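In what follows, a structure is listed as structure tokens, so that the remarks can point back to it.
Quick note: the coordinates plus some simple rules give every number you see, no bench work behind them. Model, not experiment: these values are computed from the prediction. In this analysis, Cβ positions are derived from the backbone assuming ideal geometry, glycine residues included, and neighbour counts consider all displayed protein chains.
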Amino acid sequence: MDLKKILDYQKLDSELYKIEKQIRENEHKKTANKMHENMKDAQSRSLKLEEKAGMLINEIEKVKKQFVIQKDKMEEFTNKDFDKLTKEELDKLSIIKDKLAQNLVILDRNLSALAENVNAVLGDFNKTIKLFNSCKEQYAKSKTLYEDDVKAVENKKNEINLKLKTLGKDIEPKIMEAYQKRRKENIFPVVVPIINNSCGGCHIELPYAYISKIEEQGVLPCEHCHRLIYKIKG
């Protein structure tokens, strides 16, 4: 097989690989992805806070109803004609009155605590919405900058792809298929030489029998990193 053709192809392909790597590792893309994740987290948190606020408001309504019931009972108690009651009846009413008063104090405390919780949840909710809007703005900016960076190299990518297509026509289909398979798996360089009896990609030492096979067949895959290995002549 003609190693020069596949090596020339890979040399040109390395320019494309660099561009693709720059796009993959683009800082604006990383920022946009991070902001998108922050937006999802903020949205999820805001929904949970809304649910919590709803539960607290329901609890407040329940406590308010109990408060009204206890207050009505207290008013009913104070409207009684105590002069017509015996001492035993007065003692019983006194106990009831103390219990009602105690219930009102407890309910008042519960209402205050629930109100504080609602205010805390609403404050947290407002902060979360503010964070969401800030991340949304940063996401939009970073996404636009990333798209601009992609557009800036689009012509160069197309130019290289056209040249690669032309070069690929003169390479054995079997080798081209093996090359493209590894390229799609983000293995690069795909074709590497034997260096000091080791794979030029992963540097794993190769058995002499395997090196002999490479000499006979021209190219064989590395059993460790799956790159295509060849031996430099001379």
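Restricting the count to DSSP beta bridges whose residues both fall in the chain, what percent are antiparallel, rounded to a multiple of 5?
Of all bridge pairs located within the chain, approximately 60 percent are antiparallel.
Tell me, rounded to the nearest percent, the portion of alpha carbon pairs in the stretch 19-153 spaced more than 24 Å apart.
The share of Cα pairs beyond 24 Å in the stretch 19-153 comes to 60 percent.
Once fully extended, how much extra length lies between Glu15 and Ile204, figured as 0.36 nm per residue of separation less the alpha-carbon to alpha-carbon distance?
On the way: separation 189, 0.36 × 189 = 68.04 nm, distance 2.64 nm.
That pair, Glu15 and Ile204, stretches by 65.4 nm at full extension.
For Tyr230, what residues show an amide H to amide H distance below 5 Å, using hydrogens built from the backbone and excluding near sequence neighbours?
Val192, Ile194
By counting other Cβ atoms within 10 Å of each Cβ, how are Tyr210, Tyr9 ranked from fewest to most?
Numbers: Tyr210 17, Tyr9 22.
Ordered by Cβ neighbours within 10 Å, fewest first: Tyr210, Tyr9.
Taking neighbour Cβ counts within 10 Å as the exposure measure, how do Ser94, Ser134 sort from fewest upward?
Ser94, Ser134
Explain nothing, just the number: dipole magnitude of the chain about its Cα centre with +1 on each Lys and Arg Cβ and -1 on each Asp and Glu Cβ, in debye rounded to the nearest 20.
Dipole about the Cα centre, nearest 20: 820 debye.
For the residues Ile229, Ile211, what sequence is obtained by ranking on other C-beta atoms within 10 Å, fewest first?
Fewest to most other Cβ atoms nearby, the residues stand as Ile211, Ile229.
Wrap a convex hull around the Cα atoms of the chain, take a quarter of its surface area, and give that in square nanometres. Please report the intermediate quantities before stating the final value.
Details: hull surface 95.5 nm².
If you wrap the Cα atoms of the chain in a convex hull and average its projections, you get 23.9 nm².
Taking the chain as a Gaussian network, Cα atoms linked when under 10 Å apart, which of Glu137, Glu37, Glu172 shows the biggest mean-square fluctuation?
Glu172
Taking the Cα centre of the chain as the origin and placing charges on Cβ (Lys, Arg +1; Asp, Glu -1), which of Ser142, Ala152, Ile232 is farthest toward the positive end of the dipole?
Ile232
Could you please state, rounded to a whole Å, how far the C-alpha centre of the stretch 1-78 is from the C-alpha centre of the stretch 98-145?
Here the two parts' Cα centres lie 18 Å apart.
Exceeding 20 Å between C-alpha atoms, which entries from my cross-link table qualify? They are Lys34/Lys130; Lys21/Lys143; Lys11/Lys213; Lys18/Lys181.
Pairs exceeding 20 Å: Lys11/Lys213.
Is any residue of the stretch 145-177 close enough, with backbone N under 17 Å, to a label point placed 7 angstrom from the Cα of His36 along the Cα-Cβ axis, and if so, which?
Only 145-151 fall inside the zone, counting backbone N under 17 Å.
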